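Worksheet: the structure to be examined is printed underneath.
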Amino acid sequence: MRIKLQLFYSCIFTILLCACGGKKSTPALENEKVMDFSSCKKDTVISLTNSASSPKAEIQLLIHYATGKNAKAVNKALFKSGILTPDYISTDSVEREMKDAISLYVQKYAADYKKEYGDMFRRDPNHPNSYNIQYTCETSVKKGRKGVFNYLADVYYFGGGAHGVNSTIAKNIDMENGKILLLEDVFVAGYEDILKEKLVETLCRKYKAKDLNGLREKSIFMNMEPYITENFILGKSSITFIYTDTEIAPHSEGQIEAEIDYSDIDSVLR
């Protein structure tokens, strides 16, 4: 969708159920005094026409955002990292309270849906189901490795195709400075070969394959070299790499996760 704010047409049917909390601690982080979180929930339905059978976009958001130490830095980093798509929030030139920014996100999503899908539906009104959209993003926050919190977004998107897609987007935030941690922040220089080897070993055990060729016979890394994704969770005793639906295997395999104990990669950990 083009990032351009459009006026709502009178035929939009929108329901906003908003429960934007004040400052409160996320239960999983109650013992960590360096950062607090609140959440904002918005459920929205947008119709393309006034007809009861009109195509619709259904948007369900449950978004956590920082309200304590380093809140501005944390929120800015999170919403530049692809938690919500399209990226309306980080491209907004006005600095807003997070609950206001999320409301604006919904408005822009609705306006672009009306514009883009409305034009297509007028050209092809005989296939209304092709223009139905479902977009869900539900976030959560939990304690991970010492000094780190895990920010997880469970996302579902259906855009009128054969099936919807579920994915998990993981970000790891340094509790002290609010920085989103990259692989280079977690591992020492030259970690790639050792970590790739452990990743392949882990997936081979999980999918009962003898080696990389065996994984490829199961359509995993079939037409590509193994790589370490930046989509990972720094847990308390292990790191989990997440490959989203169709990223390294067909849709039939779904999302693929590889969990590696820190003790197995201690030589390359910072």
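The values are calculated or read from the model by the stated rules, or taken from the named source; none is laboratory data. Bear in mind that the values here come from a model prediction, so they are computed numbers and not experimental data. All Cβ positions, glycine included, derive from the backbone under ideal geometry; neighbour counts span all protein chains shown. For the accessible areas, the whole protein counts, side chains as well, though only heavy atoms, and no ligand, DNA or RNA atoms are used. Shrake-Rupley method; radii C 1.70, N 1.55, O 1.52, S 1.80 Å.
Observations on the structure shown:
- Among the residues of region 121-134, those that are under 27 Å from S167 (Cα atoms) and open to solvent by less than 100 Å² (accessible area, probe 1.4 Å) comprise P128, S130, Y131, N132, I133, Q134.
- In region 177-200, the residues that are at positive phi and surrounded by fewer than 15 Cβ atoms within 10 Å (Cβ to Cβ): G190
- Checked against (1) at negative phi; (2) part of a loop (DSSP other than H, G, I, E, B); (3) touching a residue at least 12 places away in the same chain (Cβ under 8 Å); (4) of a type in the set (G, A, S), G161 passes all but condition (3).
- Residue in region 98-120 that is in contact (Cβ under 8 Å) with a residue 40 or more places away in the chain, within 27 Å of K179 (Cβ to Cβ), assigned to a helix (DSSP H, G or I) and in contact with a helix residue (DSSP H, G or I) (Cβ under 7 Å, 6 or more places away or on another chain) present: yes
- Residue in region 182-194 that is without any contact (Cβ under 8 Å) to a residue 12 or more places away in the chain and touching a Leu at 6+ places or on another chain (Cβ under 7 Å) present: no
- A66 within 19 Å of L152 (Cβ to Cβ), in contact with a Gly (Cβ under 8 Å, 6 or more places away or on another chain) and either hydrophobic (A, V, I, L, M, F, W, C) or without any contact (Cβ under 8 Å) to a residue 12 or more places away in the chain (or both): yes
- Residue match in region 94-101 (condition: at negative phi and in contact with a strand residue (DSSP E or B) (Cβ under 8 Å, 6 or more places away or on another chain)): yes
- Conditions (1) of a type outside the set (G, A, S); (2) free of Cβ contacts under 8 Å to residues at least 60 places away in the same chain; (3) loosely packed, with under 15 Cβ neighbours inside 10 Å: number failed by L203: (3)
- Residue match in region 42-63 (condition: modelled with pLDDT of 85 or more and touching a Gly at 6+ places or on another chain (Cβ under 7 Å)): yes
- Scan region 30-87 for residues that are part of a loop (DSSP other than H, G, I, E, B), open to solvent by 60 Å² or more (accessible area, probe 1.4 Å) and within 16 Å of V141 (Cα to Cα) and the total you get is 4.
- Criterion applied to T244, T229 was being without any contact (Cβ under 8 Å) to a residue 60 or more places away in the chain, surrounded by 14 or more Cβ atoms within 10 Å (Cβ to Cβ) and among the β-branched types (V, I, T), and the one residue passing it is T229.
- Residues that are open to solvent by less than 20 Å² (accessible area, probe 1.4 Å) and not charged (D, E, K, R) within region 94-120 comprise A101, I102, Y105, V106, Y109, A110, A111, Y113, G118, listed in sequence order.
- S90 hydroxyl-bearing (S, T, Y), assigned to a loop (DSSP other than H, G, I, E, B), free of Cβ contacts under 8 Å to residues at least 12 places away in the same chain and open to solvent by 30 Å² or more (accessible area, probe 1.4 Å): no
- Filter result for I169 (in a strand (DSSP E or B), among the β-branched types (V, I, T), open to solvent by less than 40 Å² (accessible area, probe 1.4 Å) and closer than 25 Å to P250 by Cβ): yes
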